[in-house]
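First up is the structure itself, then whatever we jot down about it.
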Amino acid sequence: MTSRKLGLSSLVVLAVGCGVDRPDHGASAGGGGSDAGADPGGGELVAPACATRGPRITRRLSNAQLRNTLQAVFQDTTVPTGDILTDPVVLGFKADATQATVRDLDSQLIMNNAEAVADWAVTKKLGQLTSCQTMDATCPRTLIQTLGKKLYREPLAQATVDAYAALFSAETSFADGTRAVISAMLQSPYVLYRRELGTLGSDGNYHLTPYELASSLSYMLTNGPPDDTLMSAADQGHLTTTADLDREAARLLAAPQSEVAFGQFVRSWLSIDDLPTRAKMDPSNRLTDAVRAGMLQETVSVFMNVLRSNAKVSELFTATYTFMDQNLASYYGLGGASSTFQRVELPANTRAHGILGEGAILTRHALADRSSPVQRGKLVRERLLCEEIAPPPPNVNTNIPAPTGNITTRERYQEHSADPFCNSCHQRLDPVGFSFEHFDAFGHKRDQENGQPIDSTGTLAGMTSGDVALDGLDSLSTYLATSQAVSKCLVRYMSYNAYGLDHCSESSISDELAKSDGSVKSIVMAVIHAPQFTTRAAD
Amino acid sequence: MSKLTRRDFAKRVGLAALFAPFMSLVNRAPASAAALGKAKYLLIFYTNGTDPKAWTPAGSTLNNIVFSTMTQTLSPLLANLVLVEKLSSNGSADNHAAPGGLTGQGYSGQSRVSIDQFVADKLKAAGVTTPIPSLVLGSVASQQQNSFFRNNQPLSPIFSPVAAYDAIFGSVAGVSPNLLQRRKSALDLVNTELKQLSSQLDSEGRQKLELHADSIRAVEGRLSGGASGSGGGSCASGTRPAAATQDLLASVTHLDLAVTAFSCDITRVAAVQFGHDQSTQVAIDEVGNKGDWHNDYIHSDNPRTRLANLERWLGEQFVAAATKLKALPAPTGGGTLFDQTLMVWARNMGDAVAHNGSDMRFVFSGGAGGYLTTSPTGRYIDGGGDAHQRALCSAAAAMGITSFDGFGDANFARTPLDSIGK
C-alpha cells in the first residue's frame, strides 16, 4: 500500500515570501508517556492514500464517542466516564483515523474506567441488563450475547462468547461474573475501535459489512453507536443498498443526536470550540458562561436548520434569521426571543447576515479586548477557503503597535502591514479581516471606535475571479455564499470529519455534487454515497 | 462468597482506593537497578518562548547571576541555579509548532525524539525500570501537539490532571488475588482480539494496534510487579485532584503529580508543558488582565508587562516544585528528592516575539546528584551560539547517558554543554 504523510504536499501554500520550513499535519497520539513494555518498536504513523477508497482500517473511538457509547448502551448518563482517551487534534478536528491510538498509559486509564463502569453497572443496572441471575449455562451467555452485541456493535462470534463465558464462570457469583465480563468487554478493541474491514467482493474491493456501515452511519451522524433500529436493519440485511443508507441517514439526521455530531463538526470547522474558555477582558461582565454557550448554540442551530431544511450552502452566509433565547438576544441588544432557543428574524441593519455575523465567530476570532483583522482573515482563508496561511517567518517584526491616541484597530494593523515583507502575507489576511470591523471583540455592532468612524472596506485578494472588493461583512458573506471554493472546502472538512482521512473519494463526491441542489445536506449524502463510505481497497 | 471482590476490597480501604495508589499501603520492592547517572530523576518544565530582552539577566557572569525582572522569582534557588542562553536551535525551533525545542530537529526531521523519551529509553535499556518509564503531562487539549516525540510521532500529553492521577496511581498493587486474576484474564482476551484484528490489516494498521499491545504489556508489567521502582519506603499519593478551571492551573497540578510520582519512584522522567504556542488562555490575577499568552501577551502588549508577570508566575511554579522536591526523601536514598533530581526549564522557541530559535534559553536546577556545577551566587552560561541540543544532551548526561546517537541533529554537536556539569 502506498502511503503519504499528511503534510505540506497536501496543502495549498499561499504566500510567496511566507516560506519557512513548514509544520506537517501529523498529529499527536496517545496519552502521555512511553510504554513500559517492549521496545519502542514501530515508527511514524502515516495516513494511507485514499484517492478513491482507502485500505481496511480500525478507527479508535474519540473520547466523546466512547462516552456516548457507554451512555447509550447503559441508557444512563451517570455511567462513569471521563478523560479516558486522548484525542489528537488534526486539521482542527478530533476525528483522525490514523493518529487516534491506544498507547502508553491509555490502557491503564481504560482499565480503570472499565472496572468503574462494571462496578457501577452491577450495582445500578444488573436488573436492566439481565432478566435472570443464575449461574447456569444459559443465563450468563444470554447476558454476554446481548450486552456484547451492543458494545461491539455487531453480534459476538461464538468463540468470543465462549471466552467471556469462561471469564464469567471463573467467578463465584452472578454479580462478580457480570463484573468480570463488563470490565473485560470495555477494554476490548472491538469496543474501542470501529472496524472498517469488510468482506472481499467480486469487484476486488472489500465491502463494509452491514454492521460496519451501521457504525459508520451512526458515528458520523450522531457521534454515538447504532440504535436499535439501525442494528435491526443490519440484522435483517436492510442496510446494503444506497436506498437503505438514505433511509437511515434521513432518520438519523432528524434525530436530536445529530445535533451532537454536527454541533461538534461546526465548532471544529469554524474553530469556535474553545469559546467557553477564551480569556476575554469584558468590562461589562456581560459575556457570561451562559452567553458563550448561547453563542455556540446559535451557530450550531443555524447550521442544523440549513442542513435539515435542505437549504443551500449559501444560506449559511446569507441567512436573515438566527436562533436565540432571551438571554442571548439581550446580550446582542435584540428583541423577539423567548426563554428557550427559537428562530428569530433579524431586524434590518442590526447585524451582519449568516454565521459570520454571529457572536461565536466574532468573539472567538478576536483578541481579549479588541477585534483582530488578522485572526478573522485567517478564519476566512483557512476554514472557509481551505487555504493555508504560513506562519510568520523568523525574525520579522510581529509587534502590533500599541494603541495611541484615537487610533483605530484598522489603523494599527495598517501600520503593522506597511512593511512590504509583512504585507506579502498580511495582504491576504488583514484586508479580509477589515470587513469585520463593524463588530468588536464581543460580537457587538459598532459604528465608531475611539470616536473615529469605522471603515470596513477591504479586499479578498487572489480569488479565481480576481480580487474582490469588500465593504462590510455582508459583502464578504455575499461573495462567500456563491463561492465554489467555500463549498469545496466544506466538502473537504466534512468528508475528513466523516472518514478520518483527508482528500478521500474527492472526485466521486464532486461528481455527485455537480448534479445536486447545492444544499449542505447534499454534501452529507455525497459523503455517504462515495466509495470510501462503503468499500475499501484490496491490500 | 469466598473470594474477596474488588468491591469488597474497596469498601475496606475506602472508595478512593479504587483510583488511589496502594503505594502508601505497601513497601515497594527493591530496585532492579538503582540509577545510571548522578541524577536519578529528570523533571522537564516546558513553556513557550519569551522576550529575550526582558528575560536576559544582564550583567551576570559565569559565577554570579544578576536577575532580570522576569527571572527574579527564581532567586530562592540561587545556589542550585544555572541560567543558560544564547544557544541556537539551528532552525529547528524557529516558529510556531516547530518541533525542535526538545528534539533538536525541525519540521523536516525524520527521527524526532524528545529528550524525555530519549532518556527514558536509555534508562530502560540500562535496566533502570520503573512502573512508568516517563510521564508527559499538561499542554492545551484543543491544540495540535508538536512538543514531545517518539519514533518521529508527536505524543499527546495527558491533559487532564484527573486522568493523570488515575494513570499514575491507578490501582495496580495490593489488589485482591481475585481482582488480579480477573485483570490478567481480561487482558489476555484483549490481546487475543488485538491479534485477530491485526491479521486483517496492512502493516500500517498493524503498527497502530501494536502500540495498543505495548500499552497492554505496560499494564501487565505493573500488575506483575515486574517493573518495580527502587523505593523501599512508603509514599503518599495525595488526593485525586479536581478538574482544573484553566490549562495553566492544570499544569500546576500536573507538576505536583510528577513530583509525587518521583517520590513513589513510579517514574524517573517527567515532563510538564505549560501552555501551547498557538493558544493558551490566561486568567491569573498575578499576571494581570486576562488574555491569550501568544496573541495578547507576546504580540500585543508593549511593554510586555503581562508577559513579564506571567514569566514571574511560571518561575514561582518552578520554585514551588523545587520546594516540594526538597521536602520529600529520595526513594533511592541519598538525601531529598531535590538532591537527586535535575530540573530543566526548556522552551519551544527562543525569541517568541520574533519567532526564532536562534537564542534558546534554559534554566537548570536541582541537586542533580551533584552533576551541576554550582555557585553560591548562581551560575550563568553564555552559550555563544552553540547548538541548543547540547543543553538537552546535558540533561541526558546528568542521568548517566554518554551516547547521544539517535538524538537531535547529527549535523550539530551532540555533547553536553561545556562547564555546566561534571
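The values are calculated or read from the model by the stated rules, or taken from the named source; none is laboratory data. The structure presented is a predicted model; accordingly, all values stated were derived computationally and were not measured. Here the Cβ positions follow ideal geometry from the backbone for every residue, glycine too, while neighbour counts run over all protein chains shown. Quick note on the areas: whole protein, heavy atoms, side chains included, nothing else; ligands and nucleic acids left out. Shrake-Rupley method; radii C 1.70, N 1.55, O 1.52, S 1.80 Å.
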Criterion first (assigned to a loop (DSSP other than H, G, I, E, B), modelled with pLDDT under 95, more than 24 Å from A:M231 (Cβ to Cβ) and among the β-branched types (V, I, T)) does A:V102 satisfy it?
no
What number of residues within segment B:187-237 are over 25 Å from B:N151 (Cα atoms), modelled with pLDDT under 95 and open to solvent by less than 10 Å² (accessible area, probe 1.4 Å)?
1
Which is away from chain B (no Cβ under 14 Å), in a loop (DSSP other than H, G, I, E, B) and not aromatic (F, W, Y), of A:C504, A:C489?
A:C504
Subset of segment A:147-193 that is assigned to a loop (DSSP other than H, G, I, E, B) and of a type in the set (D, E) - its residue that is farthest from B:H212 (Cα to Cα):
A:E171
Taking segment B:67-81 as the search range and keeping residues that are assigned to a loop (DSSP other than H, G, I, E, B) and touching a residue at least 40 places away in the same chain (Cβ under 8 Å), which one is surrounded by the fewest Cβ atoms within 10 Å (Cβ to Cβ)?
B:T69
Flagged in segment A:46-89 as over 19 Å from the mean Cα position of the chain (by Cα), closer than 17 Å to A:I182 by Cα and aliphatic (A, V, I, L, M), in numbering order, are A:L70, A:A72, A:V73, A:V79
Could you grab me the full set of residues in segment B:187-216 that are of a type in the set (K, R) and either at positive phi or more than 7 Å from every other protein chain (Cβ to nearest Cβ) (or both)?
B:K195, B:R206
Looking at segment B:397-413, can you tell me whether even one residue there is among the aromatic types (F, W, Y) and open to solvent by 20 Å² or more (accessible area, probe 1.4 Å)?
yes
If you scan segment B:171-186, which residues turn out to be surrounded by fewer than 24 Cβ atoms within 10 Å (Cβ to Cβ), in contact (Cβ under 8 Å) with a residue 40 or more places away in the chain and within 7 Å of chain A (Cβ to nearest Cβ)?
none
Take segment A:162-180 and flag every residue that is more than 7 Å from chain B (Cβ to nearest Cβ) and either touching a Lys or Arg at 6+ places or on another chain (Cβ under 6 Å) or crowded, with 21+ Cβ neighbours inside 10 Å (or both).
A:Y164, A:A165, A:F168, A:E171, A:G177, A:T178, A:R179
Residues of segment A:127-157 being open to solvent by less than 20 Å² (accessible area, probe 1.4 Å), over 22 Å from A:Y219 (Cα atoms) and within 14 Å of chain B (Cβ to nearest Cβ), which ones?
A:I144
Going by what's in this entry, would B:K53 be described as open to solvent by 10 Å² or more (accessible area, probe 1.4 Å), part of a strand (DSSP E or B), more than 10 Å from every other protein chain (Cβ to nearest Cβ) and farther than 30 Å from B:C264 by Cβ?
no
Give the residues of segment B:369-380 that are open to solvent by less than 30 Å² (accessible area, probe 1.4 Å), closer than 21 Å to B:T73 by Cβ and touching a helix residue (DSSP H, G or I) at 6+ places or on another chain (Cβ under 9 Å), sorted by residue number.
B:L372, B:S375, B:G378
Tally up the residues in segment A:391-435 that are of a type in the set (A, V, I, L, M), buried (at least 20 other Cβ atoms within 10 Å of the Cβ) and within 12 Å of chain B (Cβ to nearest Cβ), please.
1
Give B:S147, B:S156, B:S142 a once-over and let me know the one that is touching a residue at least 40 places away in the same chain (Cβ under 8 Å), of a type in the set (G, A, S) and facing chain A (nearest Cβ under 7 Å).
B:S142
Just one of B:A354, B:A327, B:A320 is within 14 Å of another protein chain (Cβ to nearest Cβ), among the small types (G, A, S) and either open to solvent by 10 Å² or more (accessible area, probe 1.4 Å) or in contact with a His (Cβ under 9 Å, 6 or more places away or on another chain) (or both); which is it?
B:A354
I'd like to know if segment B:273-295 contains one or more residues that are within 12 Å of another protein chain (Cβ to nearest Cβ), assigned to a strand (DSSP E or B) and under 14 Å from the mean Cα position of the chain (by Cα).
yes
Being open to solvent by 10 Å² or more (accessible area, probe 1.4 Å) and within 14 Å of chain A (Cβ to nearest Cβ): is that true of B:T245 here?
yes
Given (1) modelled with pLDDT under 95; (2) open to solvent by 40 Å² or more (accessible area, probe 1.4 Å); (3) over 28 Å from B:I115 (Cα atoms); (4) not in a helix (DSSP H, G or I), identify the lone condition not met by B:P30.
(3)
For segment A:58-83: of the residues being in contact with a strand residue (DSSP E or B) (Cβ under 9 Å, 6 or more places away or on another chain) and assigned to a loop (DSSP other than H, G, I, E, B), which is farthest from the other protein chains (Cβ to nearest Cβ)?
A:L61
From the list A:S183, A:S107, A:S188, pick out the single residue that is buried (at least 19 other Cβ atoms within 10 Å of the Cβ) and touching a His at 6+ places or on another chain (Cβ under 8 Å).
A:S107
Has segment A:209-232 got any residue that is among the aliphatic types (A, V, I, L, M) and free of Cβ contacts under 8 Å to residues at least 40 places away in the same chain?
yes
